[in-house]
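A short worksheet on the structure shown next.
The values are calculated or read from the model by the stated rules, or taken from the named source; none is laboratory data. Owing to the predicted nature of the structure, the values given are computational and were not obtained by experimental measurement. Virtual Cβ from ideal backbone geometry, glycine too; neighbours counted across all protein chains shown. The accessibility values were calculated without ligands, DNA or RNA, using every heavy atom of the protein model including side chains. Shrake-Rupley method; radii C 1.70, N 1.55, O 1.52, S 1.80 Å.
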Amino acid sequence: MNGAEGEFHTLWREGRTIKMIDQRKLPHQFTIISLESHEKTADAIKNMICRGAGAIGVAAGYGMAQAALEAENLTLNNFKKYIIKASETLSQTRPTAVNLFHSIERCLETAKEGTVKKRVKKILNESEKIAKEDLEASEKMGSIGNELIKDGYGILTHCNAGALAFLDLGTALSPIRSAHKEGKKIHVYVDETRPRCQGSRLTAWELQQEGIPYSIIVDNAAGYYMRKEEINMVIVGADRITSNGDVVNKIGTYEKAVLAKENEIEFYVAAPKMTFDLNTQTGDEVKIEERDIEEVTHYTGINEEGKISRIRITEKNAHARNPSFDITPSKYVTGFITEMGMIYPPYKENIKKYL
Ligand code: RUB
């Protein structure tokens, strides 16, 4: 991404170290964090230093590359044990985005044969391949999705499915970037996306950097703007798409999809091949991450002294629940924007044809 701080990818690998933008601190501070071991990378995924399905997938691949380098002087048997253990550590970070599991699986699969040296090389190559595919997919989704955007459109997006959630450009934000670049006059409605505010903190930050017109709206304002016909289409990303076309994405996506249907507004999901999970039949089979309720009871922002600080907004012992994702049944999805082209219903047949 291109901004005041220069040109950056969300994350990258330098030898045994992974560097990534610390997304917990944006938009208040732009910091790059260095992670010197695969365990530290696993913690960074868990604690959402980097987040978003695509970025999580690339980070997991690089985490496997770190593990391979850490074990490069071990005997073959010990190398195998080390790699399996690392794959388990990385798998136990976040349960919903399937990209994480696909990346780990690809790295394990590629390293099934050969000497330790060969296996290390194969894992390094595979993790770079995952990163390269991520970049290429975002470019293609940008040009394919741009075809759907008309001049003058108001576009709603939820959470952050932008450059920060991918390596660059993003999924849902990539067509928006392309449309803006082409000179189309668009306006992006950015759902705040409580509780972690990936919309108001991250998506708005990305759009601001690139001068794309936007307004942050609270999560319950979308219906209001849809009825006023200020929102003409919705584009979101996804953490997992099951073989029947159900979409698992940030909590609140389902509501937006239902509202869009009621208001006869097209609802698109932009996602690469890596986000489709053909081994899972419906969204109801997917494990939904439940996070700490302090994400609901507390708020983080910047105080008058310019320091990032956290405040409680509820009673001290307030009860809360915090599911991180929800399931949007496929009947609400107008189409999937993928790097292979658009996928339209009937999804059960068509998703299989594309993948
Ligand atoms: C992120 C989220 C994003 C998808 C899409 O949730 O729900 O919409 O991951 O990402 P979180 P991508 O912030 O909890 O990780 O577009 O990169 O596939």
* Asked: How big is the antiparallel share of DSSP beta bridges in the chain, given as a percent to the nearest 5?
  -> 60 percent
* Asked: Over the range 267-342, what percent of the accessible surface lies on carbon and sulfur atoms, probe 1.4 Å?
  -> 48 percent
* Asked: Ranked highest first by the average count of other Cβ atoms within 10 Å around their residues, in what order do 84-94, 285-295 fall?
  -> 84-94, 285-295
* Ranking by accessible area, most exposed first, for 326, 151 with a 1.4 Å probe -> 151, 326
* Structure fact -> Sorted list, accessible surface of protein heavy atoms, 1.4 Å probe, largest first, for 12, 205 is 12, 205
* To do: Using the Kyte-Doolittle scale, find the helices of the chain whose mean hydropathy is at least 0.0 and whose Cα atoms extend 20 Å or more along the helix's long axis, counting only whole DSSP H runs.
  => 53-70
* **Estimated Rh, the chain: Kirkwood, alpha-carbon pairs, angstrom** => 20.6 Å
* To do: Could you check which residue among 125, 99, 279 shows the biggest mean-square fluctuation in a GNM of the chain with a 10 Å Cα cutoff?
  => 279
* Roughly how many Å² is the accessible area per residue of the chain, as a whole number, for a 1.4 Å probe? -> 45 Å²
* Separation between the residue 147 and residue 281 pseudo-spin-labels, each 7 Å from Cα along Cα→Cβ, expressed in nm? -> 3.3 nm
* Asked: With all protein chains present, how much of the accessible area of the range 132-185 (probe radius 1.4 Å) comes from carbon and sulfur, to the nearest whole percent?
  -> 51 percent
* Where does the range 223-313 land on the Kirkwood hydrodynamic radius, alpha-carbon pairs, in angstrom? -> 15.9 Å
* Cα-projected label distance for residue 227 with residue 349, points at 7 Å along beta-carbon direction, nm -> 3.9 nm
* When the Kirkwood radius is taken over all Cα pairs of the range 84-230, what Stokes-Einstein diffusion coefficient follows at 20 °C and 1.002 mPa s, in µm²/s? -> 124 µm²/s
